[in-house]
1. Could you count how many residues in segment 17-35 are within 16 Å of ALA121 (Cα to Cα) and either touching a Pro at 6+ places or on another chain (Cβ under 7 Å) or part of a loop (DSSP other than H, G, I, E, B) (or both)?
2. Take the residues in segment 75-106 that are part of a helix (DSSP H, G or I) and in contact with a helix residue (DSSP H, G or I) (Cβ under 9 Å, 6 or more places away or on another chain); name whichever of them is modelled with the highest pLDDT.
3. Restricted to segment 54-82, and to residues that are acidic (Asp, Glu) and free of Cβ contacts under 8 Å to residues at least 40 places away in the same chain, which residue is nearest to ALA121 (Cα to Cα)?
4. How many residues does segment 97-121 hold that are touching a strand residue (DSSP E or B) at 6+ places or on another chain (Cβ under 9 Å) and of a type outside the set (A, V, I, L, M)?
5. Is it fair to say LEU16 is more than 14 Å from ARG99 (Cα to Cα), buried (at least 16 other Cβ atoms within 10 Å of the Cβ) and not basic (Lys, Arg)?
6. Just to verify a result, which residue in segment 24-48, among those that are among the hydrophobic types (A, V, I, L, M, F, W, C), touching a Leu at 6+ places or on another chain (Cβ under 9 Å) and closer than 16 Å to SER8 by Cβ, is modelled with the lowest pLDDT?
7. Quickly run through segment 5-52 and pick out the residues that are among the hydroxyl-bearing types (Ser, Thr, Tyr) and under 12 Å from the mean Cα position of the chain (by Cα).
8. For a quick check of your reading of the model, give me the residue pairs whose first member lies in segment 19-46 and is over 19 Å from LEU94 (Cβ atoms) and touching a residue at least 12 places away in the same chain (Cβ under 8 Å), whose second is surrounded by fewer than 16 Cβ atoms within 10 Å (Cβ to Cβ) and of a type in the set (Asp, Glu), with beta-carbon atoms closer than 6 Å and at least 6 apart or on different chains.
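The values are calculated or read from the model by the stated rules, or taken from the named source; none is laboratory data. As the structure is a prediction and not an experimental result, all values here were calculated from the model. So basically every Cβ, Gly included, is an ideal-geometry build from the backbone, and we count neighbours across all protein chains shown.
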Amino acid sequence: MSIERLLSIFAARNGLTPPTARSDGSYVLVFDGRYKLAFVAEGASSAVVRSPAGELPEDGVGRREALERLLDAATARMSKGGEILTVEEGERRLFLYRRFVTDIQPHVFEALLTSFVNSLAFWRRMAGKAGSQPVMQMPFQMMFR
């Protein structure tokens, strides 16, 4: 199943208008007005979801301390899910990624999204970009862009 089809089914199940592809071929969902997720197809049966997760401090000492803290947390969470925290090369911005197969049942996709957004909230807190947020449960408010 394509990412477009999977997102269309998700939208229909949640009473939403299906997202349309952007000029770069990605699709965007915004959850609770603050979690912007971009979906990009990788071939016919897999996709990647990506979202900004925070920003590292500008100063070298603060950046190093933040990276150590984030590395410790990433090591502890490795077995909990398929999300990957990255630092964009030459930048201070953190991104969370997850690769997944698109040939899955709609309820599995919804669980994947819930897990990803909860992980994103965790990493934003760890990066100092968000206050304590409760974990998200379905249904939740979302917008398509």
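1. Selection size over segment 17-35: 4.
2. Here is the first cut: in segment 75-106, the residues part of a helix (DSSP H, G or I) are 75-77, 106.
Adding the requirement that they be in contact with a helix residue (DSSP H, G or I) (Cβ under 9 Å, 6 or more places away or on another chain) leaves 77, 106.
On the way: ARG77: 83, PRO106: 93.
Selected residue: PRO106.
3. Filtering first and then ranking leaves ASP72.
4. So the count comes out to 10.
5. Numbers: more than 14 Å from ARG99 (Cα to Cα): yes; buried (at least 16 other Cβ atoms within 10 Å of the Cβ): no; not basic (Lys, Arg): yes.
Against the criterion (more than 14 Å from ARG99 (Cα to Cα), buried (at least 16 other Cβ atoms within 10 Å of the Cβ) and not basic (Lys, Arg)), LEU16 does not qualify.
6. Selected residue: LEU29.
7. Residues satisfying the conditions are TYR35, SER51.
8. SER45/ASP103
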